[in-house]
């Protein structure tokens, strides 16, 4: 298509990415809808887990159980966040406006993954801060755990953003996202719980390598599928 | 062949055949305990020993032979019920495929008559 | 959904696969009951060795293997077919690929249930206490297989929730592709953890009769079960045509 002489130049992909990301952050800053719903959900989960485990003996098994439960909370908090974002997109056809951007829709996908990742990380920090006194959590023995958290979050959000754009248009979309996403992210969940467990004191940290590899493969695969398929899903 | 009740009947038959294994009377096929009777008292101990051993062997051989027959009998009935279930299932598959062909010919006929009307 | 003429090839493929499968199943059944050795003769106590724990004596229960393994292969094939159908649909936009995804998912649901049931029954007998469910121990392969089964169900639920045909087709294709990686996970699951599902059945297959029967079963029974994919394909395409005709 020949460029109109008066039309503004097409922004570079990086500039467009920053603009879209800025929009997401600004919207979140003004509404605080994602972090408040995800954060409250996660905190409630911590309280409920504590309540459920209150009569268990406080030992190593309980500690490992709590860590796995925190991953369950994280996955559901991510689903809450993805649903909120998808509903906001569909309202007043915002998604169609965004798709008009003169870039590949994959950019839109990338922005959404990065922004929800940022909000999810904030939520997780809140959750961990709450869990340290409430569930007697000790997490940061090995800095590698940070890599596990980020990789697992990407593994959940990469297919999550893709599926949320499907379920946003479907009947009963919010429940549907849970149904669709849970089977797909099982390998990520396995990797995250396995690696977290292996990095605890007293466990063999070498065992974490296989789980990190699993997380890495899942991240790469889901991210590639998301980048390839998001545009196809939203065309026309 | 298109009657839905017939398919239901076939499926019910398959289910019933599946369940037939539960109702199988395995008791009649299995072995009964031996009638143990104490051997008649004899004088020499070694004589008694060898006599007992021969008797025991004979009983054992008989028992193993019975066991074999019982085993083969239950395998046979299991095979029969399995084979019946799979036969019904694949008769169902083949008949369903043929009825799909009939159904699509019917749709094709409707389409042609509709297009004939429009023309 | 756009018009899809029911080709009579689909019908004949179904009939052929069904008939071949019937033969295959009967040969397998006959061999598995009368050719493979029974436990009466001494020295033929078949065992499998799980990755952790003592070897498990199988007695006669190993005969379920000739149905369990081919069903697992077929579930793998169904998972592959959904992914293949998804990719081909997005590339070509031909409705037949969407039909393939749906048929494979439906068959995967049925055959996956067979895998789970035969596996559970076998495990209950072989290393459980014999009560239903006593062999189920949340081991990685069992669990991932259950998840795959739930994912097939999720695909079909997803289709029911979307009214617009074009969106439904696209969503089906995308989810079909996302399902694809689950099968490699199921097959690698035995390597993730210490596991009670045997990694290989080499103990069992060291008997030549059992190995031969297993080879025949994994062709015959797989063909038989794949005829279900063909059957669902035929009927789904008839259903599509009927809907088009009703709408016209």
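If you take just the helices (runs of 4 or more DSSP H) that sit entirely in chain B, which of them hold at least 2 residues that are at pLDDT 80 or above, touching a helix residue (DSSP H, G or I) at 6+ places or on another chain (Cβ under 6 Å) and more than 10 Å from chain C (Cβ to nearest Cβ)?
Details: elements: B:4-23, B:26-29, B:45-118.
Result: B:45-118.
Find the helices (runs of 4 or more DSSP H) located wholly in segment C:182-248 whose residues include 1 or more that are within 14 Å of chain B (Cβ to nearest Cβ) and more than 17 Å from the chain's Cα centre (by Cα), and list them. Show your work before the answer.
Details: elements: C:182-192, C:202-205, C:208-247.
Once the helices (runs of 4 or more DSSP H) in segment C:182-248 are filtered for at least 1 residues that are within 14 Å of chain B (Cβ to nearest Cβ) and more than 17 Å from the chain's Cα centre (by Cα), what remains is C:208-247.
Only residues that are more than 8 Å from every other protein chain (Cβ to nearest Cβ) and out of contact with any helix residue (DSSP H, G or I) (no Cβ under 8 Å at 6 or more places or on another chain): list them for segment C:145-173, please.
C:160, C:165
Is it the case that residue C:176 is more than 10 Å from chain A (Cβ to nearest Cβ) and either surrounded by 18 or more Cβ atoms within 10 Å (Cβ to Cβ) or closer than 30 Å to residue C:12 by Cβ (or both)?
Working: more than 10 Å from chain A (Cβ to nearest Cβ): yes; either surrounded by 18 or more Cβ atoms within 10 Å (Cβ to Cβ) or closer than 30 Å to residue C:12 by Cβ (or both): yes.
In short, yes.
Where in segment A:96-202 are there helices (runs of 4 or more DSSP H), lying wholly inside it, with at least 3 residues that are at pLDDT 85 or above and away from chain C (no Cβ under 13 Å)? Full working, then the answer.
Values: elements: A:105-134, A:144-167, A:173-184, A:186-198.
In segment A:96-202, the matching helices (runs of 4 or more DSSP H) lie at A:105-134, A:144-167.
Check C:87, C:111, C:102 and return the single one that is within 11 Å of chain A (Cβ to nearest Cβ) and either part of a helix (DSSP H, G or I) or crowded, with 19+ Cβ neighbours inside 10 Å (or both). First the steps, then the outcome.
Values: C:111 fails: within 11 Å of chain A (Cβ to nearest Cβ); C:102 fails: within 11 Å of chain A (Cβ to nearest Cβ).
The match here is C:87.
Of the residues that sit in segment A:208-225 and are surrounded by 15 or more Cβ atoms within 10 Å (Cβ to Cβ) and more than 10 Å from chain C (Cβ to nearest Cβ), which one is farthest from the chain's Cα centre (by Cα)?
It comes out as A:208.
The values are calculated or read from the model by the stated rules, or taken from the named source; none is laboratory data. Keep in mind that this is a model prediction, so the values were computed, not measured. Here the Cβ is made from the backbone with ideal geometry for all residues, glycine too, and neighbour counts use every protein chain on show.
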